[in-house]
1. Just want to confirm a number: the relative contact order over the chain, from Cα pairs under 8 angstrom separated by 6+ residues, in percent.
2. Need the C-alpha centroid separation for the range 148-173 versus the range 26-103, integer Å.
3. Semi-axes of the chain's equivalent ellipsoid from the Cα gyration tensor, sqrt of 5 times each eigenvalue, largest first, rounded to whole Å?
4. Would you please give the FRET efficiency between Phe116 and Lys38, computed as 1/(1 + (r/R0)^6) with r the Cβ-Cβ distance and R0 = 45 Å, to the nearest 0.05?
5. Subtract the Cα-Cα distance of Thr163 and Gln108 from 0.36 nm times their separation in residues, and report this length gain in nm to one decimal.
6. Plugging the Kirkwood radius over Cα pairs into Stokes-Einstein for the range 72-148, at a temperature of 20 °C and a viscosity of 1.002 mPa s, what D comes out in µm²/s?
7. Taking the Cα centre of the chain as origin and charging only Cβ (+1 Lys, Arg; -1 Asp, Glu), how large is the dipole, in debye to the nearest 20?
Amino acid sequence: LCSPSFSVPGSNIFCGDNKGYPREEMPQLKSKPISGGKLDTMIKNGEIDEKYIKRDDDGEIVEVNTEKMFLEKIGKDAPEEVVKVTDLKATQNQLVGKKVSLFLNQLQNGDPDSEFTKALLKPIIVARNPETGEMYIVDGHHRWAALVAQDIANGGDGDIEMTVKVIAAPIEEVVKQANDFTEEMGL
């Protein structure tokens, strides 16, 4: 979990200068559908492309990537940009240390061609405030935090970059829209 002891004052490292959202109030656009919910029904009716569905070895659904559906729902483009991880700010005020550590270990020691490593390096969604230019994370806090930790482990030069999908809107607006979407879809 984030706390003042896990942030660097005057910076955005980890959860410093976050928007104060508890983790459980953040949207999960890559999540497991609730049985009987709208997304579950769409999957059963064959309305969701299998490339967006991640299954375990038994064929059970582990998660569904609804990012594209969300962006279509809110009518926003989200062009990809490459940014320094230190230029992004956390929206939520909590991180799971074990998850960040697992992701960091994979980035530093795992096979760079593995599906897990590739998934960690996929773009995350951020909201850029049109007035201030500040970019806050909508979904992908743990992957971002692992890259921030990697930057620190490499000397803290601020040279680690990641690809993001940028929604031009205030973070509060995007979080509300994303939470409304995940509730409607049954995630």
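Bear in mind these aren't lab numbers, they're just calculated from the coordinates by the rules spelled out. As the structure is a computational prediction, the values presented were derived from the model and not from experiment. Every residue, glycine as well, gets a Cβ built from its backbone with ideal geometry; the counts of neighbours run over all protein chains shown.
1. On the way: 315 pairs, mean separation 57.7, N = 187.
Here the relative contact order equals 31 percent.
2. Distance between centres, Cα-based: 18 Å.
3. Working: eigenvalues 148, 82, 44 Å².
Equivalent ellipsoid of the chain: 27, 20, 15 Å, largest first.
4. Numbers: r = 29 Å, r/R0 = 0.65.
For Phe116 and Lys38, the calculated efficiency is 0.95.
5. Net length gain for the segment: 18.0 nm.
6. Working: Rh = 13.7 Å.
D = 157 µm²/s.
7. Details: 22 positive and 33 negative charges, 51 e Å.
I would put it at about 240 debye.
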